[in-house]
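Visitor: Below is one structure. I have some questions about it.
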């Protein structure tokens with residue numbers, strides 16, 4: 001899984017390098033697929049329940065599962081969340097980043113930083129002997145703490161969250177991004193989870209577009225998404241999708 005995770009990390013780095021004004025999300029998808037296949041992997045997302053691309057490219061008010069398109073051309077000031085998965089020798093890696101295109105408002109950068117910090121807090125709570133929702137609670141507390149510091153309200157998306165991962169991309173258990181600690185399965189060394197908070201700059205409400213994939217904020221506010229695949233070990237969390 002570390003090999004698959006490294007391939008995902010390299011692919012996201014390649015996408016980030018080319019994510020600029022004037023580039024379409026379909027262009028980024030082609031870069032990602034080539035990177036995954038050149039690295040000896042297979043895109044996890046392509047064909048998954050009919051999904052037509054190798055990455056999810058979610059722009060501005062799109063939260064997750066955005067479908068890359070030649071018509072969606074990035075512009076200065078956009079935010080794009082790129083979710084990527086790869087399979088190597090039957091094992092999966094899964095990670096997401098939010099990228100600022102050109103010059104974006106400081107409030108958008110703060111939103112993304114808050115989500116990334118919430119992910120980091122969740123990772124830090126992935127310890128043997130704990131419970132699944134210890135991670136959920138850490139994500140929630142970090143998100144709420146960032147909102148208080150930034151003097152704004154961030155919406156924590158509840159309908160979508162993290163998951164177990166291994167020889168399948170989505171495995172039990174589902175990992176909520178908020179909730180009370182001390183509940184759910186016991187965390188054990190050797191378990192692997194995808195930890196992935198999603199925050200909005202307004203309401204936490206969501207709706208799905210007519211393509212049956214793209215999830216957007218119901219109030220039109222901007223959204224961000226960060227994710228890492230994390231192994232639980234006796235020496236602490238091991239992030240498999242960071243270079």
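Visitor: Here are some conditions: (1) in contact (Cβ under 8 Å) with a residue 40 or more places away in the chain; (2) surrounded by fewer than 19 Cβ atoms within 10 Å (Cβ to Cβ); (3) closer than 16 Å to residue 120 by Cβ. Residue 139 meets all but one. Which one does it not meet?
Guide: (2)
Visitor: I've got another one for you. Which numbered condition trips up residue 235, out of (1) in contact (Cβ under 8 Å) with a residue 40 or more places away in the chain; (2) over 19 Å from the mean Cα position of the chain (by Cα)?
Guide: (1)
Values quoted throughout were computed directly from the atomic coordinates according to the rules given, and no laboratory measurement underlies them. Just so it is clear, the structure is predicted and the values come from calculations on it, not from any experiment. As a convention, Cβ positions derive from the backbone with ideal geometry for all residues, glycine included, and neighbour counts pool all protein chains shown.
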